[in-house]
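A.B. asks: Let me give you the structure first, and then I'll get to my questions.
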Amino acid sequence: MKKIGFLSFGHWSPSPQSQTRSASDALLQSIDLAVAAEDLGADGAYFRVHHFARQLGSPFPLLAAIGAKTSRIEIGTAVIDMRYENPLYMAEDAGAADIIAGRRLQLGISRGSPEQVIDGWRYFGYVPPEGQTDADMARRHAEVLLEVLQGEGFAQPNPRPMFPNPPGLLRIEPHSEGLRERIWWGASSNATAAWAAKLGMNLQSSTLKDDESGLPFHVQQADQIRAFREAWKTAGHAREPRVSVSRSIFALVDDRDRAYFGYGNDNDDKIGFIDEKTRAIFGRSYAAEPNVLIEQLAKDEAIAEADTLLLTVPNQLGVDYNAHVIEAILTHVAPALGWR
């Protein structure tokens, strides 16, 4: 069995071809798609966070709204860029959203990717300390978040407070029990995957990673997952970790699918640079008749290693079509691969 969810970037565009032409469309349709996915039997509704872009930028109001409208589906991010975050304020928002959702949040966080704005985190008031990089700053913000999510008191109470305090040092409120174990790190390298394991975070691996061996993407990603699990074992954590991978997968089952994605399967990985120094490998997309998809996906080593698969959805095609995309995988592909 494998958990299967969707991952939406929440794009909106005024283009006549887009079903999401405004921020209102993107947000409200995200809620509707999560409800539809739960009704279909999917396991997760995940959202990508980008700032300074016509995409989803502030996740916690959306996560809380979905939590209030659903009852079973996991609700998460993949990922929140920690360079932009105040970890204490984030802990408050996350705690509140998790309580509203009945403790179903699965928060993916990371160092982030190249953004729309040069050093956009500076506009949010964050600057790395002398001698450190923005990646160092993101990891430090993550470490603070993990620490305060433990629920231990750390703040000295006012001797003359406005409201009565419980005894001892005060913690971030509201505290949601168990959220600390539902934090995931989006790792692009094997080293950061091992670092995440050491800190007791679950692993999210997307459709790109640092090209560290020249091997096919799915093989490198599977190696990353194995390195993460080995580091987890070495760290001696009591619980079992979770691992997700994301893929663009489209089962061609009707004329709409063929019109959108039947122009030929992109069988090859791509190589590029996400910054001046980092060579990255981008995983292929899958679009084919279900019987062909089943054969192709059975050979994907990273999907086999992961317990959770996130299907990246073309959200600008609207709720109904994206629900169809999810249903086609759940119905025509997942059972044959033993995922259902």
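The values are calculated or read from the model by the stated rules, or taken from the named source; none is laboratory data. What you see is a predicted model, and the numbers here were worked out from it, not measured in a lab. Backbone-built Cβ (ideal geometry, glycine too); neighbour counts: all protein chains shown. In case anyone asks, the SASA skips ligands and DNA or RNA and just uses the protein heavy atoms, side chains included. Shrake-Rupley method; radii C 1.70, N 1.55, O 1.52, S 1.80 Å.
A.B. asks: Computed FRET efficiency, Cβ-Cβ of Arg258 and Lys2, R0 22 Å: what is it to the nearest 0.05?
C.D. replies: Once rounded, the FRET efficiency stands at 0.25.
A.B. asks: State the extension gain, in nm to one decimal, for the chain segment bounded by Ser285 and Ala191, taking 0.36 nm per residue of separation less the distance between their alpha-carbons.
C.D. replies: Stretched fully, the Ser285-Ala191 segment lengthens by 31.3 nm.
A.B. asks: Sorted by average packing, counted as other Cβ atoms within 10 angstrom per residue and highest first, what order do 194-207, 320-333 take?
C.D. replies: Result, highest mean Cβ count within 10 Å first: 194-207, 320-333.
A.B. asks: Could you work out what % of the accessible surface of region 13-156 is carbon and sulfur, using a 1.4 angstrom probe and leaving DNA, RNA and ligands out of the count?
C.D. replies: Numbers: 3190 of 6420 Å².
Its accessible area is 50 percent carbon and sulfur atoms.
A.B. asks: I'd like to know which of Leu107, Ile118, Pro129 lies farthest towards the positive end of the charge dipole of region 103-154, counting +1 on Cβ of Lys and Arg and -1 on Cβ of Asp and Glu.
C.D. replies: Leu107
A.B. asks: Continuing with this model, one more query. Using only the Cα atoms of region 233-290, build the gyration tensor, take square roots of its eigenvalues as a ≥ b ≥ c, and label the shape rounded, prolate or oblate: rounded if a/c is under 1.5, else prolate if a/b is larger than b/c, else oblate.
C.D. replies: Since a/c reaches 1.5 but b/c is at least a/b, the shape of region 233-290 is classed as oblate.
A.B. asks: Let me ask you something else. When the accessible area of region 172-298 is split by element with a 1.4 Å probe, what percent falls to carbon and sulfur? Can you show the working numbers first?
C.D. replies: On the way: 3120 of 6000 Å².
Answer for region 172-298: carbon and sulfur cover 52 percent of the accessible area.
A.B. asks: How high is the relative contact order of region 61-149, in percent, counting Cα pairs under 8 Å that sit 6 or more residues apart?
C.D. replies: Rounded, it is 38 percent for region 61-149.
A.B. asks: May I pose another question? How many Å² of accessible area per residue for region 1-120, probe 1.4 Å? All intermediate terms of the calculation are to be shown ahead of the outcome.
C.D. replies: Numbers: 4670 Å² over 120 residues.
Result: 39 Å² per residue.
A.B. asks: Let me ask you something else. Per the helix-only calculation at 222 nm, which mean residue ellipticity applies to the chain, given -39500 (n - 2.57) for every DSSP H run of n ≥ 4 and division by its residues, nearest 500 deg cm²/dmol?
C.D. replies: When only DSSP H runs of four or more count, the value is -10500 deg cm²/dmol.
A.B. asks: Could you do me a favour and compute the accessible area per residue for region 141-250, 1.4 Å probe, result in Å²? Walk me through the numbers on the way to the answer.
C.D. replies: Working: 5330 Å² over 110 residues.
Roughly 48 Å² per residue, with all protein chains present.
A.B. asks: Just the number, please: percent antiparallel of the DSSP beta bridges in region 221-321, rounded to the nearest 5.
C.D. replies: About 35 percent, rounded to the nearest 5.
A.B. asks: Among 89-99, 282-292, how do they line up by average Cβ neighbours within 10 Å per residue, starting with the highest?
C.D. replies: Those peptides, ordered most packed to least, come out 89-99, 282-292.
A.B. asks: Right, next: Please identify the DSSP H helices in the chain that span no less than 24 Å along the helix axis (Cα) and have a mean Kyte-Doolittle hydropathy of -1.0 or more. Please report the intermediate quantities before stating the final value.
C.D. replies: Working: long enough: 23-40 (25 Å, 0.77); 217-235 (27 Å, -0.72).
Those that pass (Cα extent of 24 Å or more, hydropathy at least -1.0) are 23-40, 217-235.
A.B. asks: Can you put Glu212, Glu240 in order of accessible area, largest first, using a 1.4 Å probe? If you can, show how the numbers build up before the last one.
C.D. replies: On the way: Glu212 95, Glu240 155 Å².
Listed by decreasing accessible area, they come as Glu240, Glu212.
A.B. asks: Please report, in debye to the nearest 20, how large the charge dipole of the chain is about its Cα centre when each Lys and Arg carries +1 at its beta carbon and each Asp and Glu carries -1 there. Intermediate values should be presented prior to the final figure.
C.D. replies: Values: 34 positive and 44 negative charges, 103 e Å.
Around 500 debye, computed over the chain.
A.B. asks: With a probe of 1.4 Å, find how much accessible area region 276-337 has per residue, and write the answer as a whole number in Å².
C.D. replies: For region 276-337, the per-residue accessible area is 41 Å².
A.B. asks: Separate question: Among Ser24, Pro164, Val325, whose Cα sits farthest toward the positive end of the charge dipole of the chain (+1 at Cβ of Lys/Arg, -1 at Cβ of Asp/Glu, about the Cα centre)?
C.D. replies: About the Cα centre, the residue reaching furthest to the positive side is Pro164.
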